[in-house]
Amino acid sequence: MKKTKDTDYLHISARIRCIEGQLLTNAQRTRLAEAASAEEAAKILTDQGWPDFDWRDMNALEEVIRARRQQVTELLYEHIPVPELIGVFRLKYDYHNIKAVLKGEAQNVDPSHLLSDSALIPPKELQRMMREKEYEAMAPVMAKAVEEASELLARTADPQLSDMVLDRAEQWQALTMAQETGSDFLQGYVSRQIDCNNLRTAVRLTRMGKGLDYMARAISQGGKVPVEVFYHPEGMTPEWLEHTLAGTVLAPALPSAKAALEGEGFARLDKACDDILIEYARGARFVPFGEQTVIAYLLANEAEFSAVRTILAGKNAGLSSEKIVERLRESYVV
């Protein structure tokens, strides 16, 4: 990886500062959620610069999101001195595609319509590689995970087990890629993402009554919180979480994690974890130029896509504005 300086990001940082004002603020998201209908929400989006689309068709919305994501990616690739930074965020689509292909093979169905072209490996090439078992072009950690997940799915017919293998590999590969970029900010983000995923996974598995062996398969190394926290021999309890998570990066999610362990749904915990990550990204707003600006802008766009998806899906499902607002994550733009 070539050595870069903050000043190498002057141009792209200036471009981002000019256009990040187009992102939806918390108030604008709330206005969307409080719209009288999905049709009105779509009109508000159009007024904010989004293209027209059929608000009744979530697939049409996904096409709009795909196109907008592609525009952001192309802009950054054109001006960023270290394109590998972007690759860290595209990696999740590779693993999404791998899961879809494996499950398609197991069920003897064509998964092509489920594959994302935002991945680093083109979907058709990935299908060919997996069909012919040619994994040489994959990173070693990905290739090993594909082989293990494939064998596990064939032997157990349990997609949850194969997904756990792939999820751990994805997180480890993302952390490795972040380290190779030399960006402390990106490494901090990926580590926090691992912590959040570990917390959500541990709480869900505890609620399901899974044992330590199962938990150890699912928890990933690389976060800032020791993995032992998540598979404590005496079992994860609200009291244990209070004792171990206070003062850590996961402290803001502690109340919702305890509530989930005590029987509440997981939506509040998922939101708390996502808010931890966007709050971390917000730190880049105080950096005049550097890779932090690029990383935060990528995250801000993904957070906006998620919010729009939540609002339109909720409106089409007939949810109240209050219920939709409850599900919205924090915005990068306050």
Worksheet entry | For the chain: rounded, prolate or oblate by the Cα gyration tensor [a/c cutoff 1.5] | rounded
Worksheet item: Just for the Cα atoms in segment 10-106, what are the lengths along the principal axes, largest first, rounded to whole Å?
Response: 48, 40, 21
Practice prompt. Pull up the cross-link candidates among the lysines for K258, meaning alpha carbon to alpha carbon under 26 Å and not fewer than 8 places away within one chain.
Written response: K210, K224, K271, K323
Worksheet item: Roughly how many Å² of R285 are accessible to a 1.4 Å probe, to the nearest 10?
Response: 100 Å²
Fill in: Which of M177, M138 is most accessible, then next, and so on - probe 1.4 Å
M177, M138
Worksheet, complete the sentence: Taking R0 as 25 Å and r as the Cβ-Cβ distance between S306 and E78, the FRET efficiency 1/(1 + (r/R0)^6), rounded to the nearest 0.05, comes to 0.50
Fill in: Whole-Å distance, taken between Cα centres, linking segment 6-44 and segment 83-110
28 Å
Worksheet, complete the sentence: segment 1-121 accessible area per residue, 1.4 Å probe, protein heavy atoms, integer Å², reads 54 Å²
Worksheet item: Say we join alpha carbon atoms closer than 10 Å with springs in a Gaussian network model of the chain; which of K210, K92, K258 then has the biggest fluctuation?
Response: K210
Worksheet entry | Qualifying lysines (Cα of each under 19 Å from Cα of K43; at least 8 residues distant if same chain) | K315
Item to complete: Kindly report, to the nearest 10 Å², the accessible surface of H113 as traced by a 1.4 Å probe over protein heavy atoms only.
Response: 150 Å²
Worksheet entry | Cβ-derived FRET efficiency at R0 45 Å, Q221 paired with D54, nearest 0.05 | 0.55
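The values are calculated or read from the model by the stated rules, or taken from the named source; none is laboratory data. Please read all numbers here as calculations on a predicted model, not as lab measurements. Every residue, glycine as well, gets a Cβ built from its backbone with ideal geometry; the counts of neighbours run over all protein chains shown. What goes into the accessible areas is simple: the full protein's heavy atoms, side chains included, and nothing from ligands, DNA or RNA. Shrake-Rupley method; radii C 1.70, N 1.55, O 1.52, S 1.80 Å.
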